[in-house]
Amino acid sequence: MSNPVLVDVTRGNLVESRHRGMVIVVDGDGKTVFSLGDTEAGVFPRSACKAMQALPLVESGAADAYGLSQKALALACASHSGEPEHVAMAASMLAAAGRDASVLECGAHWSFEQKPLIEQARTLAQPTALHNNCSGKHSGFICAACHTGTDTKGYVGYDHPVQQEIRGVMEALTGAALAHDNCGVDGCSIPTYAVPLNKLAHGFAKMATGTGLEPVRAGASRRLIEACMAEPFYVAGTGRACTRLMKTAPGRIFAKTGAEGVFCAAIPEKGLAIALKCEDGATRAAEAMVAATLARFFVDEPELHAALMAQANHTMRNWNGIAVGDVRVTDAFNR
């Protein structure tokens with residue numbers, strides 16, 4: 001099946017680039033509400049599924065035992081920009097479990113965002129693992145392991161109890177079989193599994209609604225999603241798409257990006273969840289796609305709908321501030 005063109009990028013009066021992709025919206029029962037493209041295709045969720053990966057942190061009792069705040073829980077679901085607040089929060093999570101950055105196995109990198117990167121280059125000889133965009137997630141893994149008396153060494157490995165637990169959580173939520181044959185290694189070194197896009201969306205719909213979940217998991221899911229919506233800065237950072245989307249409708253939209261053009265989102269009040277992928281992995285297109293998809297469900301609120309569509313369709317400017325073209329979603333979203 002050929003996926004449709006969902007985003008055009010123009011320069012002058014011409015389309016310079018086209019991005020194909022697939023989108024699906026489902027309810028808590030898994031019923032498809034809207035879809036485009038091959039939504040049964042397997043995709044690596046990458047960081048878009050971090051809220052799922054954070055469930056053992058809450059379900060094990062570690063979050064309460066270590067007094068983790070909503071900001072900390074949001075960071076456990078984050079792909080953050082390595083801003084000072086993110087780094088400090090990750091360090092505090094580790095300290096609560098009696099550990100420090102030396103136990104992190106995510107690797108170190110400079111921020112992917114220009115402003116924090118420049119500040120880091122001015123003040124640091126080199127970044128630490130705390131600056132890694134996944135340090136909050138990994139700090140959550142460490143907290144869960146310490147609380148349950150599990151050795152943290154090698155916690156990123158496929159056979160480590162932490163990753164076994166996460167694999168079981170994701171299988172239960174998505175209904176997809178996860179094993180070596182659909183497993184890859186993520187940028188932060190943990191396993192990542194190719195999941196059919198429709199099943200990924202259903203997993204988030206379950207988290208957003210509690211449908212079909214036992215009380216402990218339903219409560220943990222609600223707590224994590226609410227933490228992300230309450231503290232969107234800690235999910236991403238200044239100017240980032242996830243933060244912008246959640247600030248557009250405070251407490252009403254959950255959104256989380258993943259590498260290679262993946263996005264997951266939820267509208268808890270409407271009982272809906274979204275999963276999508278830009279086929280060529282372009283983040284700019286995935287961000288436009290998720291904004292346009294969310295906007296479909298707020299047509300009865302003109303200001304909110306317009307604010308979301310303004311993120312779906314926007315002007316590109318060069319370094320002199322001159323408008324050079326547009327990123328715009330196609331008519332496929334008008335179906």
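The values are calculated or read from the model by the stated rules, or taken from the named source; none is laboratory data. Just so we're clear, the structure is a prediction, and the values are computed from it rather than from any experiment. Counting neighbours? That spans all protein chains shown, and the Cβs are built from the backbone with ideal geometry, glycine included. Areas reflect the complete protein model, heavy atoms only, side chains present, ligands, DNA and RNA absent. Shrake-Rupley method; radii C 1.70, N 1.55, O 1.52, S 1.80 Å.
Brief remarks on what is shown
- Selection within region 156-172: residues that are within 19 Å of the chain's Cα centre (by Cα) and touching a residue at least 60 places away in the same chain (Cβ under 8 Å). The member of this set that is farthest from LEU57 (Cα to Cα) is MET170.
- Within region 109-123, the only residue that satisfies the criterion of being exposed (fewer than 15 other Cβ atoms within 10 Å of the Cβ) and of a type in the set (Gly, Ala, Ser) is ALA121.
- Cβ-Cβ under 7 Å pairs, at least 6 apart or on other chains, region 206-232 side crowded, with 24+ Cβ neighbours inside 10 Å, far side outside any helix (DSSP H, G or I) and among the β-branched types (Val, Ile, Thr): CYS228/VAL235
- Residue check, HIS80 part of a loop (DSSP other than H, G, I, E, B), under 20 Å from LEU224 (Cα atoms) and open to solvent by less than 60 Å² (accessible area, probe 1.4 Å): yes
- Sub-7 Å Cβ pairs linking a first residue in region 82-108 that is under 22 Å from GLN70 (Cβ atoms) and free of Cβ contacts under 8 Å to residues at least 60 places away in the same chain to a second residue that is hydroxyl-bearing (Ser, Thr, Tyr) and open to solvent by 30 Å² or more (accessible area, probe 1.4 Å), at least 6 apart or interchain, are ALA96/TYR66; ALA97/TYR66, ordered by first then second residue.
- Filtered residues of region 133-167 (kept if in contact with a Pro (Cβ under 6 Å, 6 or more places away or on another chain) and open to solvent by 30 Å² or more (accessible area, probe 1.4 Å)): THR150, TYR158, GLU165
- Within the option set ALA255, ALA275, being in contact with a helix residue (DSSP H, G or I) (Cβ under 8 Å, 6 or more places away or on another chain), open to solvent by less than 10 Å² (accessible area, probe 1.4 Å) and either without any contact (Cβ under 8 Å) to a residue 60 or more places away in the chain or part of a loop (DSSP other than H, G, I, E, B) (or both) holds for one residue only, ALA255.
- Options ARG217, ARG284: the member that is farther than 27 Å from ASP331 by Cα, of a type in the set (Lys, Arg) and at pLDDT 95 or above: ARG217
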